[in-house]
Each structure stands twice: as structure tokens, then as C-alpha cells.
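Visitor: Below is the structure I would like to discuss, written out as C-alpha cells.
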Amino acid sequence: MDTYGTSMPKPSIVIIGSLAIALGGVWIGWSAEEGGYGVGRLATDEEIRAWNMDVNSIGEGLPPGQGTVKQGAQVFASRCAMCHGPTGTEGPKDRLVGGQNTLTAPKPIKTIGSYWPYATTLYDYIHRAMPFIAPQSLTPDETYSVIAWLLFQNKIIAEDTVVDAETLPNIQMPNRDGFIPDPRPDIR
């Protein structure tokens, strides 16, 4: 046996591996021409539209709806506090509130209030990925409400602010200028 754990010489292993990769590529190409791998189906236009829910930094993609701090407190308590604590600081998952002026400290506290650059992308992330145990289960109104509560808790908006597709892009986050712009062109 050689040092590779086989009785075959190394060049034979390389040749056999290369042949397997090549044949796999041929099979994939042939299978695709025949209409797939024999499992699944093409997504419908409706299914594709349902996944087209991204929101960018200037607010493109924000849906109709609105939320308030008061409504957000209720949604946060019932849907978010189990992971982020009743005030957004206790965990066991990421801390969401506080941390202002700590980014230059030896142990920065990265939260929505200290680190997050755009309020609009809060909508994108929360709506798509939260709550962890049931992603995409929050309605647009619930999502806007949670955002309102979180921004209020981080002292970014007033308690009477209504958050919606018009107001959210205008909210200036404390760390808005703390990131280096990506010079690559947008290829969308």
C-alpha cells in the first residue's frame, strides 16, 4: 500500500477521479436535455413571485402596510422575545438593542442601533428570516411594527412614528456611514 491508503498508484486514482467527473458532467448534460433529473417540477410563475421579496437599501421592494411602536411591542413579545429577550438585550440569540458608541471599543456590541446601516434592510431581513422557528410568517404590518419597536428601543425614532414604505427609507441609522461602499456595478 502507498501513502494514500490504496494499492493503486496515485496517477491511476487521478485518472479514475477525472473520468468520474467527466462522465458525471455528461450525465448531467444529458439529463438536463431530457427535462431534468426525473424528480421535481418547474416552479410556477406564482411561486417565483412569492420568493421575489427582497428590499434594497433605498427601499425598493417595500410592500404596502404600516406599523407602530405600540403594535410592535405586542408582536415582539409574542414572536421575538423567546430568542431575543423581552427588551431585545437578553438573548439567548443576538442582542438587538443598545451598543451605541461601542464599535471602536475592544469588544463592540453590534446591534440594530449601533451597527445596522439601513432601516430598509431590517424589513428585508426580518420579513424573510424571522422568527427563526417560522420564517416568512410575519405579515407586512407585523414586520413594520417590529421594526418600529426596535428602532424606538434603540432611540432612533419617536414613539409616535408610523413606519411604512414611505417613512422607512427616510430613517437615518446611526452607523449609516460606517461601511465602505461596494464599487462593483449592480448586475440586477
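The values are calculated or read from the model by the stated rules, or taken from the named source; none is laboratory data. Nothing here was measured: the structure is a model prediction, and the numbers come from that model. Here Cβ is always computed from backbone atoms with ideal geometry, including for glycine, and neighbour counts include all displayed protein chains.
Visitor: Tell me, please, whether a residue that is modelled with pLDDT under 95 and surrounded by fewer than 22 Cβ atoms within 10 Å (Cβ to Cβ) can be found in the range 148-160.
Guide: Within the range 148-160, not a single residue is modelled with pLDDT under 95 and surrounded by fewer than 22 Cβ atoms within 10 Å (Cβ to Cβ).
Visitor: Yes or no: Ala105 within 18 Å of Ile171 (Cβ to Cβ) and either at pLDDT below 95 or of a type in the set (A, V, I, L, M, F, W, C) (or both)?
Guide: no
Visitor: Filter the helices (runs of 4 or more DSSP H) completely within the range 65-142 down to those with at least 3 residues that are within 27 Å of Gly178 (Cα to Cα).
Guide: Ranges flagged: 119-129.
Visitor: Of all residues in the range 118-129, count the ones that are surrounded by 15 or more Cβ atoms within 10 Å (Cβ to Cβ), out of contact with any helix residue (DSSP H, G or I) (no Cβ under 6 Å at 6 or more places or on another chain) and not hydroxyl-bearing (Ser, Thr, Tyr).
Guide: 2
Visitor: Shifting gears a bit: Given (1) out of contact with any helix residue (DSSP H, G or I) (no Cβ under 8 Å at 6 or more places or on another chain); (2) at pLDDT 95 or above, identify the lone condition not met by Pro181.
Guide: (2)
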